[in-house]
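Here is the structure we will look at, set down as structure tokens.
Computed from the coordinates by the stated procedures, all read-outs in this text should not be read as laboratory data. Just so you know, these numbers come straight off a predicted model, no measurement behind them.
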Amino acid sequence: MPLLEASRSTLVVIDFQGKLVQMVHRPALALEATRRLLRLADLFAVPVVLTEQYPKGIGPTEASIREAYDALTTPKFFLEKTAFGCCGDAGFEGLLQQARPGLAPARRQVVIAGMETHVCVMQTVLELLASGHDVHLCWDAVSGRGDEYRKHALDRMAAAGATITNHESVAFEWARDKNHPQFKALSALMKEGQPG
């Protein structure tokens, strides 16, 4: 389980959509951790893929997540899908290739945030692992309709080989050293208050 490297990482934010956000366990925690991940991706020039699952039925991306995504200066990609797992959409692999040109799946590190942990997130993670990716799942940036659904999905993904992590660990692995040019900005972000 290697440490994350910003130069090999892509952040994938899965289906943080209106109707889902209102029904999940501890939504404030997942939303704040994901907003921070988006800001951290920008600091460390990590590409971002944002997905929406059938927005006509579920609704668009939650406003604060969409605002953070829209503000990104790092390369960003959007996928509207009907498959629950992102890899079930023919366009997803192409976006990962665009995000990290020349990197084979075995060299890619994918950081995951999203909803719901036991459906779209889990299917995506298991499919990414099966295709050789190094997957880092932020427990504080995923949720589902109940804590037990979330917990058992996290356990299953960990057993399959996903690294269970959190947004702060991601940040400090991307920085790796207090002398990193973005460390002061990272530190300021962490002092803004802990996610709920």
*So for the chain: antiparallel DSSP bridges make up what percent, rounded to the nearest 5?*
5 percent
*asked:* Quick check: Cα centre of the stretch 5-39 to Cα centre of the stretch 95-137, how many Å?
replied: 14 Å
*Specify the residue with the greatest mean-square fluctuation among Val121, Val48, Val24, computed from a Gaussian network of the chain linking alpha-carbon atoms under 10 Å apart.*
Val24
_What number do you get for the chain when its Cα radius of gyration is normalised by 2.2 N^0.38 Å, N = residues?_
0.93
*asked:* In Å and on Cα atoms, what radius of gyration and Dmax does the stretch 42-153 show?
replied: 13.8, 39
